[in-house]
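Please read the structure below before turning to the comments.
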Amino acid sequence: MSGTISIQETGVEARLAGAFATIDLRALQQNYRALAARAAPARTACVVKADAYGLGIAKAVPALAAAGCDTFFVAWPEEGRAVREAAPDARIFVLGGLFGREAAEAYAEAKLIPVLNSRGEAAIWEGFCSTDGVARPCAIHVDTGMNRLGLTLDQARTLAEENALTGALDPVLVMSHLACGDQPDHPLNQRQLTAFTQVRRLFGGIEASLANSAGIQLGADYHFDLVRPGVALFGGLSGPGLEPVVTVQARIVQIRHVRAGEAVSYGAAAVMQRDSRVAICAAGYADGLHRALSGSGVPLREITGGGHGFAAGRRVPVLGRVTMDMTMFDITDVEGGALTVGDRIEFFGPNIGIEEAATAAGTISYELLTGLGRRHHRTYIGPSGESGTSGDQR
């Protein structure tokens, strides 16, 4: 792989943008390789639903394919079509199932593999394939304890027995989904593992998949034949060899001097205890930077401290309520002159971890990534020739 670095820019023009998102496709590839090494000898697929967790399928998928991934999972057929454009030779599974015969036709046209979540969906796919006698591949999803999607154990057993006689379906994968993989000691993990081991025996001779990002960390017993990391690829989980992928910053549009006793932002919830310098940044909750990050004035602040940014080598606290278009930071302790209008403050990235930012907002890294707004100027950094097509992909 070439060591040459290419930089592509999309979205709002840099000179006009208040919010900035830098996506390091090199780090994305490194995370894939680290997870693949951890899961070996199991194969490693990539979950790129929600437009590659908000980072852009047209950018992320070619980078992941160049790193060695040949299997992708998405939530809905339209996402599958986008992956097909970005990786023409990939194997693509659609987790959301089938909505009817017209959907089945779209799957076939784009060579997408449906994940069948019910007997009804299995019947739709079986009926569609029978019209021209082509046994197209599918995956079987069995619920082992999450109670979201999937056949029950009894339904799976019946389907396996019937299909052994008729051969009407061509399953290439049987899968389930961990509900508590991010809680290693939760008893449901072991119960799901036991149930899925039974399910795998029903569908012998095909791949089996249970582990998501967190499940990979649970150990080899959970890996089976194929693991399906999602958020860990994009820097949303910490772990050995995993690197931050996304850095989100906002431009300072004004620095104000606020006297002790004066209030900042809506609701006058933040009252200054000292004469202070306040940086007003051009990004807010309309840009995916949650109002719950507010340094005061939201119920979460009664439980935990507010969010922080990073600028001029220091952590700086969010001050007052985050607004639709702007966020305030207390920069009183930053050396005078170190920050000025036009400089940027990091919301999350290499200095403020995305998990820390998510915790401060009372949410999870998944939501911060998928919620990045359209007003960001996006910069994609990656190996030359591997960072996808130009243009805003959101």
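The values are calculated or read from the model by the stated rules, or taken from the named source; none is laboratory data. Bear in mind that the values here come from a model prediction, so they are computed numbers and not experimental data. Neighbour counts are summed over all protein chains in view; Cβ atoms, including those assigned to glycine, are modelled from backbone coordinates with ideal geometry. With ligands, DNA and RNA removed, areas are computed over all heavy atoms of the protein, side chains included. Shrake-Rupley method; radii C 1.70, N 1.55, O 1.52, S 1.80 Å.
Numbers at a glance
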item: The range 311-361, subset over 14 Å from I280 (Cα atoms) and assigned to a strand (DSSP E or B), residue least open to solvent (accessible area, probe 1.4 Å); result: F348
item: Subset of the range 220-260 (residues that are open to solvent by 20 Å² or more (accessible area, probe 1.4 Å) and small (G, A, S)); result: A220, S238, G239, G241, A260
item: Selection count, the range 183-200, where residues are touching a residue at least 40 places away in the same chain (Cβ under 8 Å) and of a type in the set (D, E, K, R); result: 1
item: Qualifying strands (runs of 3 or more DSSP E) (wholly inside the range 66-146; at least 2 residues being open to solvent by 10 Å² or more (accessible area, probe 1.4 Å)); result: 137-141
item: In the range 88-106, the residues that are touching a strand residue (DSSP E or B) at 6+ places or on another chain (Cβ under 7 Å) and at pLDDT 95 or above; result: A90, R91, I92, F93, V94, L95
item: 3 or more residues closer than 29 Å to F347 by Cα and out of contact with any helix residue (DSSP H, G or I) (no Cβ under 6 Å at 6 or more places or on another chain): qualifying strands (runs of 3 or more DSSP E) within the range 160-274; result: 246-258
item: Test: A39 is farther than 18 Å from E207 by Cβ, touching a strand residue (DSSP E or B) at 6+ places or on another chain (Cβ under 9 Å) and not charged (D, E, K, R); result: no
item: Test set (1) under 24 Å from Y366 (Cα atoms); (2) more than 23 Å from the chain's Cα centre (by Cα) - V258 fails condition number; result: (1)
item: Residue match in the range 290-310 (condition: in contact with a Lys or Arg (Cβ under 9 Å, 6 or more places away or on another chain), more than 21 Å from G373 (Cα to Cα) and assigned to a strand (DSSP E or B)); result: no
item: Only one of V227, V248 that is in contact with a Phe, Trp or Tyr (Cβ under 7 Å, 6 or more places away or on another chain) and under 24 Å from L28 (Cβ atoms); result: V248
